[in-house]
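Structure first, commentary second.
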Amino acid sequence: MKKLFAAFMMLGAIFIMNDAQAQQNNTKSTWLWHTHTITDEQTIQFLIEKEVTTVYLQIDPALPNDVYADFINKMREANIEVQALDGGPNWNTVNFDALWAWISQYHQEYPGSRFTAVHLDVEPYLSVLWEQNRNLAVSQYQELIQHARYKTQYSGLRLEVDVPFWYDEVLYYNQFGEGNLAEWVIANTDGVSIMAYRNTVAALKSITKNEMNYAKKYQTPVVIGVETMPFPDEPYITFAADGEIKMNQVLDQVAGHYAKNRYFSGVGIHYVQSWQDLRQ
């Protein structure tokens, strides 16, 4: 009887583990840059109908705080989490502190309608400094991430960031040690969205392989994000011409490929407005 009980317990544990893994892999995120549209019922219904699980919402301090609270409450009713999104090519710790001050003030005013994470989309590779002194640009970027991690770690908010798929080719040798930037970011954040802008299964698997290995190594959830905005001169980086059905087929295959990696968190679609314009 004891052996039979133990067998049932083990079987139950396996089911629980598999269910947790399935839950880990079911993220369907999107970026919402046009903040004013959070008052638009069409936008809200789109997010619900597309079964989005996570919205990265660009913060616009000009909007009243009650508008954010109302949106977050509606999203929560639909089991959609909302992360506070911001960033830019020349972002530094001063910019982050301004964002952090806004989030802190907002949470004090609306403690029942909190964001679940800070989501940074910082693009140092688009700055002049990246061209003039890449080593300095990389170290300043790392300083920003470290600063943001310090600020958020005891707040109850996760720190998540967007990274291009080629950060594993960017090497650093500085006060943070040495290695490649993709591995460092994955090791020092609570979650990463890879901007894996390609439109075939083979390409998406190839360019995310290293990042998914780092995800397992550091136990950091990673989302694989794709593009829907038109790029006429570079059609291979977007699903704008392929349509939504083809995009979903590709994403399903990529998700199946990484299904056994419990730190594959799911997929992301960039971004709400261009996704809305995507043909079937």
Subject >> Candidate lysines for bridging to LYS74, where Cα separation is under 24 Å - those fewer than 8 sequence places away on the same chain excluded >> reply: LYS28, LYS50
Original post:
For ALA62 and GLN249 in the same chain, what is the full-extension length gain: residue separation times 0.36 nm, less their Cα-Cα distance, in nm?
Top reply: 63.4 nm
Subject >> the chain - percent of accessible surface contributed by carbon and sulfur, probe 1.4 Å >> reply: 53
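Only loop residues by DSSP count here, and only those with at most 16 other Cβ atoms within 10 Å; note down the trypsin sites (Lys or Arg not before Pro) in the range 201-280 that meet that. All intermediate terms of the calculation are to be shown ahead of the outcome.
On the way: sites: LYS205, LYS209, LYS216, LYS217, LYS246, LYS260, ARG262, ARG279; in loops: LYS260, ARG262, ARG279.
Taking the range 201-280 and a limit of 16 other Cβ atoms within 10 Å, the loop trypsin sites (Lys or Arg not before Pro) found are LYS260, ARG279.
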Subject >> Cα shape, the range 164-268, gyration tensor, a/c 1.5 rule >> reply: oblate
Original post:
How large is the charge dipole for the chain, taken about the Cα centre, if only the Cβ atoms of Lys, Arg (+1) and Asp, Glu (-1) carry charge, to the nearest 20 debye?
Top reply: 1380
Original post:
For the range 53-122 and the range 199-225, what is the separation of their C-alpha centers, rounded to whole Å?
Top reply: 26
Original post:
Measuring with a 1.4 Å probe in the full set of protein chains, what accessible area per residue, in whole Å², belongs to the range 118-248?
Top reply: 46
Original post:
Given 0.36 nm per residue, what is the gain on full extension from ARG76 to ILE48 after removing their alpha carbon distance, in nm?
Top reply: 9.0 nm
Subject >> Residues of type aspartates and glutamates that LYS205 reaches as a straight line, Cα spacing below 13 Å, ignoring anything fewer than 8 places off in the same chain >> reply: ASP252
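Shape call for the chain from the C-alpha gyration tensor, a ≥ b ≥ c root eigenvalues: rounded (a/c under 1.5), prolate (a/b greater than b/c) or oblate?
Since a/c stays below 1.5, the shape of the chain is classed as rounded.
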Original post:
What is the gain in length, in nm to one decimal, between TRP102 and ASN174 on full extension, counting 0.36 nm per residue of separation less the C-alpha to C-alpha distance?
Top reply: 22.7 nm
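The values are calculated or read from the model by the stated rules, or taken from the named source; none is laboratory data. Everything quoted here is computed from the prediction, not taken from an experiment. Reconstructed Cβ throughout: ideal geometry from the backbone, glycine too, with neighbour counts over all protein chains shown. Heavy atoms of the whole protein, side chains included, go into the accessibility calculation; ligands, DNA and RNA do not. Shrake-Rupley method; radii C 1.70, N 1.55, O 1.52, S 1.80 Å.
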